[in-house]
1. Write down the accessible area per residue of the stretch 11-60 in Å², having rolled a 1.4 Å probe over the full set of protein chains.
2. Do any GluC sites (Glu not before Pro) in the stretch 60-123 lie in a loop, going by DSSP, with at most 16 other beta-carbon atoms within 10 Å of their beta carbon, and if so which?
3. Rounded to two decimals, what ratio of Rg to Rh does the stretch 18-68 give with C-alpha atoms and a Kirkwood Rh?
4. Ignoring ligands, DNA and RNA, what percent of the 1.4 Å accessible area of the chain is carbon and sulfur?
5. Could you check how many percent of all C-alpha pairs in the chain are farther apart than 26 Å?
6. Residues with amide H under 5 Å of A119's amide H, sequence separation 5 or more or different chain, H placed in the peptide plane at 1.01 Å from N; which?
7. Roughly what would the spin-label model give for F123 and H106, points 7 Å off Cα along C-beta, in nm?
8. For a paramagnetic label modelled at 7 Å from the Cα of L89 toward its Cβ, which residues of the stretch 39-56 fall within the zone defined by backbone nitrogen distances under 18 Å?
Amino acid sequence: MIRIKLKNKTAHKVNKRLKNKARIRKKVDGHSERPRMCVFRSGRHVYAQIVDDAAGKTLVAFSTLEGNLKGKNLGIAKQVGAEVAKRALAKNIKTVVFDRSGYVFHGRIKAVADGAREAGLSF
């Protein structure tokens, strides 16, 4: 077994997350009856969107860039989840498949999921 020593620890983390994402995406697939809700987080912002993979279209999207959200990171992430759920329910989308995009289901990712569930979305 060959081990490659990476000089940049951040690059290693990103590569590991992308491998996890590929493994998850093999199993998780969104279609018209039950689209996929994917979440992305950066250092500053949280993005969530609901995607129909069969049609290749984004049905609903919201991020911290759009709204005038105030509060701490977890509170803002919860508000993002609630707003995505509200927009989805307006388009008559009630159930989704949650795609955590390779992130650990913890912290801001979990807060987005909790906010969406509390707003009425089921997954």
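The values are calculated or read from the model by the stated rules, or taken from the named source; none is laboratory data. Source: prediction; values computed, not measured. Don't worry about glycine lacking a Cβ; one is built from the backbone with ideal geometry, like all the others, and counts go over all protein chains shown. To get the accessible areas, we keep the full protein, side chains included, count just its heavy atoms, and leave off ligands, DNA and RNA. Shrake-Rupley method; radii C 1.70, N 1.55, O 1.52, S 1.80 Å.
1. Values: 3380 Å² over 50 residues.
Ligands and nucleic acids excluded, the figure is 68 Å² per residue.
2. Values: sites: E66, E83, E118; in loops: E66.
Sites meeting the loop and neighbour criteria: E66.
3. Working: Rg = 12.2 Å, Rh = 12.0 Å.
My calculation of the ratio gives 1.02.
4. Details: 4320 of 8230 Å².
For the chain, the apolar C and S fraction of the accessible surface comes to 53 percent.
5. Values: 1716 of 7503 pairs.
In whole percent, the long-distance tail amounts to 23.
6. Under 5 Å from the amide H of A119 lies no amide H from a residue far enough along the sequence or on another chain.
7. 2.0 nm
8. 49-50
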